[in-house]
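Below: one structure, written as structure tokens.
The values are calculated or read from the model by the stated rules, or taken from the named source; none is laboratory data. As the structure is a computational prediction, the values presented were derived from the model and not from experiment. Don't worry about glycine lacking a Cβ; one is built from the backbone with ideal geometry, like all the others, and counts go over all protein chains shown. These accessible areas exclude ligands, DNA and RNA; they are computed on the full protein's heavy atoms, side chains included. Shrake-Rupley method; radii C 1.70, N 1.55, O 1.52, S 1.80 Å.
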Amino acid sequence: MSYRVTFVCTGNICRSPIAEWVLRHHVENEGLDVEVDSSGTGGWHVGNEADERTVATLERAGYRSAHIARQFAPSWFGRYDLILALDEGHLRALRSMAPDEGARGRIRLLREFDPDADGDLDVPDPYYGDRADFDLVLEQVEAAMPGLLEEIRTALKEG
């Protein structure tokens, strides 16, 4: 059985698709049995592709991208082993939707896996920003990958 990870941001067109495709790249390169996807807490962009700046950021860094936005549904908690919020607002929204303590225990902030985050665990929303804001998201996502991958490898071994 695959380990299942999802990333959750606001509209599922900027931060969470970047995180999704970066993690997909790493688990594919390592041959790990991990399913990765993403969604948003809100439905404003459901059915839309990722923001063009998201796609450009991923492509410049050598990552693939193919994405259609969707909204996280409370019925999905049972699907995932790890639910990664991109900021405190998403964390609160997900915890309020969680049906039980077990589901709440699977929700974490992505930047918890970055040892250099220094308590600043929010990935800032680049939507109203420019290329530098999207590059910062990618940088923060990539910084969390070694710790996240270690967490996943440990979970797969304990499987």
Residue check, Ile68 against (1) more than 28 Å from Thr154 (Cα to Cα); (2) β-branched (Val, Ile, Thr); (3) in contact with a helix residue (DSSP H, G or I) (Cβ under 6 Å, 6 or more places away or on another chain), all met but one. Which one?
-> (3)
If the Cβ limit is 9 Å and pairs must be 6+ apart or interchain, which residue in the range 58-85 that is under 18 Å from Asn29 (Cβ atoms) pairs with which residue that is open to solvent by 60 Å² or more (accessible area, probe 1.4 Å) and among the basic types (Lys, Arg)?
-> Leu58/Arg64; Tyr63/Arg24; Arg64/Arg24
With criteria (1) under 14 Å from the mean Cα position of the chain (by Cα); (2) at positive phi, Gly62 comes up short on (1)
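Hey, can you tell me all the residues within the range 52-72 that are in contact with a strand residue (DSSP E or B) (Cβ under 7 Å, 6 or more places away or on another chain) and not hydrophobic (A, V, I, L, M, F, W, C)? Can you show your working first?
Taking the range 52-72 first, the residues in contact with a strand residue (DSSP E or B) (Cβ under 7 Å, 6 or more places away or on another chain) are 67-72.
Selection gives His67, Arg70, Gln71.
Please enumerate the residues belonging to the range 129-142 that are part of a helix (DSSP H, G or I) and either open to solvent by 40 Å² or more (accessible area, probe 1.4 Å) or free of Cβ contacts under 8 Å to residues at least 12 places away in the same chain (or both). Spell out the reasoning first.
Initially, the range 129-142 is screened for residues part of a helix (DSSP H, G or I), giving 131-142.
Selection gives Arg131, Ala132, Asp133, Asp135, Leu136, Glu139, Glu142.
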If the Cβ limit is 7 Å and pairs must be 6+ apart or interchain, which residue in the range 93-110 that is without any contact (Cβ under 8 Å) to a residue 40 or more places away in the chain and more than 18 Å from Glu151 (Cα to Cα) pairs with which residue that is assigned to a helix (DSSP H, G or I) and open to solvent by 10 Å² or more (accessible area, probe 1.4 Å)?
-> Arg95/Arg104; Met97/Pro74; Ala98/Arg104; Pro99/Pro74
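Just checking, which of Pro115, Pro126 is more than 26 Å from Met1 (Cα to Cα), in contact (Cβ under 8 Å) with a residue 24 or more places away in the chain and loosely packed, with under 15 Cβ neighbours inside 10 Å? Please lay out each step first, then the result.
On the way: Pro126 fails: loosely packed, with under 15 Cβ neighbours inside 10 Å.
Going through Pro115, Pro126 in turn, just one is more than 26 Å from Met1 (Cα to Cα), in contact (Cβ under 8 Å) with a residue 24 or more places away in the chain and loosely packed, with under 15 Cβ neighbours inside 10 Å: Pro115.
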Hits in the range 119-148 (condition: among the acidic types (Asp, Glu), more than 14 Å from the chain's Cα centre (by Cα) and farther than 15 Å from Glu88 by Cα) = Asp130, Asp133, Asp135
